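Written out below as structure tokens is the structure these notes cover.
FYI, it's all coordinate maths here, none of it is from the lab. All values reported here derive from a predicted model rather than from experimental measurement. We place every Cβ from the backbone using ideal geometry, glycine too, and count neighbours over all the protein chains shown.
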């Protein structure tokens, strides 16, 4: 069959028209696809911008990035405070099983480390790049790669990683443009979320300051207020442990007064050296000291082991430049948690300064109350001395004179016992007078005053104030080193009663006749001797034996326990206290 020239001329325009229509359809499809991608981008921007929780923002960003460019896998690596390593890694497209097999997130080496480069990185084949390493074992195959930085206020916050575009095609310029636009919106949303989180954090610290100030101004005990400071700090920072230490008088050490949280019992009462503890370093420097891993920090003495399971920590001094450092707060998070950010430390410093000011105001109020109380004590002591003791003494002398006139032996014995009881009563009253006049009759660091303080400090833990009886010239006849042992034994004994005895009454008797000093601590509880720490009893006994004395422990008739610590005194000694 022969085709005519006329029919050929008709078909040629038809072919060109088909080609034009195909091209037009392709352009329309491309435009529709671009429109859909732009619409998807706008929806992602709206979703990201409408969230204020930072963790949710990051998850939305990584999910949206994967969907916009049809990537099999996506991740968002957050650069840590050091500016070099990755502190967090958010993923999309990986199952829980794959994540578990991969293990710890990348640390910022190789391709993941390119996050520090503020320019996008697009690779058709990952193996051809000089930094093509850094992905952990068991990571799914990675060929095509697109990395786009996320900036927050001109600083690189992190990097979006996208791999394995579905369909086998590589990531193109349009993909890079779409993800770059999403990264800009993400940077703004992250900034807003961080500002919101900061404002909420400041609000919580302000409420904590208000609670502490209210506690102090309402006359709450000092220990209760210190506990509130530690508890609020632990709660707001998400820490596992909070401890508060204060300086020990006349020593280069701190003692942990308050501890709350994980293994708090292992920290309470610890004496910390200034040069081998995080709290000591912060106290000495009068500035915060942080640790990425307090359990393995070489600056900290490993004994006694007390930081198992803990990781990031920060110690912040409690004080002001004008008033000096009054103590140190330690906060520690569980191992694997985020380190304390600079913003957190700054807010904690402000909180500590406010707490210090509140403590100072409370101390001034307590000083005023103490002056008024001392005046009452002086009046009571004067009345006891001038009236009660003199009358008892006169009654005793009268009874002694009367006893000489009695011929019946039994009556004579009864009178003598009455005289002895009066003498004992006079001693008790004199001991009470010593306690009332301790600020006037002894120096601030005298043994008598320190014993009274020690007993008073144990009252909150015991739930009652022990009866205290003191006899003899303790401030002048007991050497300083013996006085230190006495205070240590007293503190250990009262702590044992508080923890094990379930007692409602305790008595402390400290006497000296110039030849020996005897400390007796007794209670009406049950089980203290059975549950007592063998190490504590051994330490108390060693203190006595080292000075030629001994410790005895016995059960009382009422079921309680009595500890007697007895040490001879040297012929000549320096006054203790």
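Summary table below
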item: Residue 367/residue 275 FRET efficiency (R0 22 Å; Cβ-Cβ; nearest 0.05); result: 0.10
item: Segment 456-565: C-alpha gyration tensor shape, a/c 1.5 cut-off, then a/b vs b/c; result: prolate
item: Ranked list, fewest to most other Cβ atoms within 10 Å of each Cβ, for 205, 565; result: 205, 565
item: Mean-position separation - Cα centroids, segment 224-265 and segment 36-86, in angstrom; result: 40
item: For segment 266-302 and segment 159-203, distance of Cα centres in Å; result: 40
item: Stretch gain in nm, segment residue 411-residue 214, where the contour uses 0.36 nm per residue and the Cα spacing is subtracted; result: 64.6 nm
item: Cβ-Cβ FRET estimate between residue 85 and residue 201, R0 fixed at 25 Å, reported to 0.05; result: 0.55
item: Cα shape, segment 219-340, gyration tensor, a/c 1.5 rule; result: rounded
item: Three-way shape call for segment 278-337 based on the alpha-carbon gyration tensor, with the a/c threshold at 1.5; result: prolate
item: Fully extended contour minus Cα-Cα distance, from residue 566 to residue 404, at 0.36 nm per residue; result: 54.5 nm
item: Sites residue 55 and residue 224, calculated FRET efficiency, Cβ-Cβ separation with R0 41 Å, nearest 0.05; result: 0.70
item: Peptide ranges 230-239, 93-102 listed from the most packed, as the mean C-beta count within 10 angstrom indicates; result: 230-239, 93-102
